[in-house]
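Undergrad: One structure follows; several queries about it will come next.
Derivation of every value follows stated rules applied to the coordinates shown; laboratory data play no part. What you see is a predicted model, and the numbers here were worked out from it, not measured in a lab. Cβ: placed from backbone, ideal geometry, glycine included. Neighbour counts: every protein chain shown.
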Amino acid sequence: MAEKKVKETKTEKFEFQSEVQKLLEILVYSLYQHKEVFLRELISNSVDALNKVHIQTLTNPEVDEKELDLRVDISIDKDNKMVVIEDSGIGMTKEDLVENIGTIAHSGTLDFVKKITESSTGNDKMDLIGQFGVGFYSSFMVAEEIKIITKYYVKGSKAYLWQSKGDNSYTIEETKKDHRGTRIELLLKEEAKEFLESWRIKSVIKQHSRFVPFPLYLDNEEIESKEAIWTQPKSSLKEEDYNEFYRFFQNAKDDPETHLHLSSDAPVQFNSILYVPKSNSEIYGYIRQDPGVDLYSKKVLIQKACPELLPLYFRFIKGVVDSEDIPLNISRETIQNDQQIQKIRKFVLKKVLDHFTHLKEKERETYLKIWKNFHPNFKEGVPNEYEFQEKLSALLLFYSSHSPKNEYTDLDSYVGRMKEDQIEIYYIFGNDCDSIEKKPALEAFKKKDLEVLYLTDQMEIWTLENLRQYKGKIFRSAESADIKIDEHDKEQEEIKEAENFAGYLKTVYADRIGEIKISERLVDSPCMLVDSSNIAYERMGRMMKGDKAKPDISKKILEINPQNRLIREMISIHKGKPDSNRLKTLALLLLDNMILREGILDDIEHIILRTQDIMYEAATQK
């Protein structure tokens, strides 16, 4: 929409474009709580102007004052309630002032105006201001009057003064300015007087603009900044450069465990440095961390802890992603759905997984340190990752019956050792490797030389049962009731007697146990408790809810081994005297032993009495 000239004098008056008027109606009277974005926007504009004039000085002989330092100066005038931002950049012509300030030419700001007009409540409008920043216009949140004094970079250019109080109009007139560039004077509102304090200005710069490529000065004092090394070629950087930047960026005292420096021109242009810290606060029970990767555009912070750049399970990774293809005023809502962001996310995630794979295979000690600190994140991620689930699953580490004690293996190594006709990956859960080694369920696997993964963390069960299979091999608990890996030769009569004894046990136990079965896999142990088909999913559900309740024995299955000497003796007693009190006591003690193995001590007094009865019988037996 063309701007309308109201009055043609030495001081010319113009009306803002109608979309700008709508914007200013909101901003002039805004009490938005994050109004410091105005400083980020003005510094970013100054940096753009400095970049443009820097390019011109290299190629254009008409550039005025080539010797000028390229810098941004901020000054505070408390007496006059004024903040000034000045640069030695490319400056503006009169036409530039009308086109760039009086008219919205950028799609991001137009999107903002559309959304803010459609918003139904004041709170919605305020949130949108924070998301977009809306460039130069955001200054009207803090200023009751703004002046722009600017001089174009070409030799012989005139200087102009632009003024507005944020109403529907602005004025332009010729003025004097000694040097090229732009000076913006903000006469602050009473409610914005916090920005007359140098500490407040410094805090905003530290948050948003500490990596800009030109020096920033506040009242002639240079503000500490750091070079954005993510834009430099890897060949020019040393390990200490990466470590020093990490300590600065994270305000950390120690170095990172590892880093990854990425650069890409296609499918989208961006640069990135990512770090893995040496410690994980979550593992000690602290609150879940926010995502650790910040989104930048042209070295200016767009969104801190941006959740769209990496999956939540990799929230421990710290760093930056900077893309010139991402507009400075992009909203959080747009970030979530932006195709450029999605392409960056896919590229970064693949490179992160490749980096971890390299460490696991080539730098084992480094990977083991990362695994020690962040294994819950990897396990959390596997069920929630779809596109790269197999690559992430390959990074999981486990103890196993094949590996030496307290040494890890991975799924690829397990699959590589599987027997030719083996179709399942077996696992078993316990508090630690020592207790797992004593489990009866392992007997047949050891006899058949079948490897079993040892799960010592309940989260591992949840991970595998959600993963279900790896490279076509199904995960199966070694304690599943329907597992068959060994067959015993039995005479029909022995089978019948064992089945009769199983029926007797069910009568004795009643509803204390779900089912009694003849085991086809026990070798030495008399019996064991195994999970029914549904109990694993119930256990997984409890884990997801954080429920640490004891297992429900009444839903488990007791497998008995007719080849065991104790069970053979009990079958013999049952055959001769099925109503024997001694047999009943032995039967109860048999289940007691399994309950104790599960860590349940609710019926300990009765267990002690039954044990003492058997001890008395043994002591008095002639």
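Undergrad: Cut-off under 19 Å on the C-alpha distance; same-chain residues fewer than 8 positions from K484 excluded. Which lysines are left, in chain and number order?
TA: K419, K439, K446, K447, K448, K473, K517, K556
Undergrad: Rounding to the nearest 20 debye, state how big the charge dipole of the chain is about its Cα centre with +1 on each Lys and Arg Cβ and -1 on each Asp and Glu Cβ.
TA: 340 debye
Undergrad: Check cross-link reach from K299 to the lysines: straight Cα distance under 18 Å, and skip same-chain residues fewer than eight apart.
TA: K52, K202, K206, K226, K234, K318
Undergrad: Quick one: which residues, 5 or more positions from S169 or on another chain, have an amide H under 5 Å from its amide H? H modelled 1.01 Å from N in the peptide plane, none for Pro or chain starts.
TA: Sorted by chain and number, the residues that satisfy this are F16.
Undergrad: Next question. Have a look at the DSSP beta bridges in the chain and tell me what percent are antiparallel, nearest 5.
TA: In the chain, approximately 75 percent of DSSP beta bridges are antiparallel ones.
Undergrad: To continue, here is another question. Under 5 Å between amide H atoms, partner at least 5 residues away or on a different chain: which partners does L218 have, H built in plane at 1.01 Å?
TA: Sorted by chain and number, the residues that satisfy this are I74, I223.
Undergrad: Can you work out the Karplus-derived ³J(HN,Hα) for every residue in the stretch 85-98? Use 6.51 cos²θ - 1.76 cosθ + 1.60 with θ = phi - 60°, whole Hz, and x for glycine or proline.
TA: Values, residue by residue: 10, 10, 10, 9, x, 6, x, 9, 8, 4, 5, 4, 4, 5 Hz.
Undergrad: For mean projected area of the Cα convex hull in nm², pick the label among (i) 44.4; (ii) 26.6; (iii) 39.0 that corresponds to the value derived from the coordinates.
TA: Here the calculated entry is (iii).
Undergrad: Starting at the first residue of the stretch 183-195, write each ³J(HN,Hα) from the Karplus equation 6.51 cos²θ - 1.76 cosθ + 1.60 with θ = phi - 60°, in whole Hz, x for Gly and Pro.
TA: Residue by residue, the stretch 183-195 yields 10, 10, 10, 10, 8, 6, 5, 4, 6, 10, 5, 4, 7 Hz.
Undergrad: How tilted is helix 198-208 with respect to the longest principal axis of the chain? Cα atoms for both, answer in degrees (0 to 90, nearest 10).
TA: The answer is roughly 60 degrees.
Undergrad: Next question, about the same structure. Roughly what angle does helix 581-597 make with the longest principal axis of the chain, taking Cα atoms, 0 to 90 degrees, to the nearest 10?
TA: Around 20 degrees separate the two axes.
Undergrad: Shifting gears a bit: Given H placed 1.01 Å from N in the peptide plane, which residues other than close sequence neighbours of Q303 have an amide H under 5 Å from its amide H?
TA: Excluding prolines and chain starts, which carry no amide H, the hits are L295.
Undergrad: Give me a comma-separated list of calculated 3J(HN,Hα) values for the stretch 261-276, in order, Karplus coefficients 6.51, -1.76, 1.60 applied at θ = phi - 60°, integers in Hz, x for any Gly or Pro.
TA: 10, 10, 9, 8, 10, 8, x, 8, 7, 6, 10, 7, 10, 10, 10, 10
Undergrad: A follow-up question, please. Please give the direction-averaged projected area of the C-alpha convex hull for the stretch 398-477, in square nanometres with one decimal.
TA: Computing the convex hull of the Cα atoms and averaging its projections yields 4.9 nm².
Undergrad: On a 0 to 90° scale, report how tilted helix 535-544 is relative to the longest principal axis of the chain, with both axes built from alpha carbons and the result rounded to the nearest 10.
TA: Relative to the chain, helix 535-544 is tipped by roughly 30 degrees.
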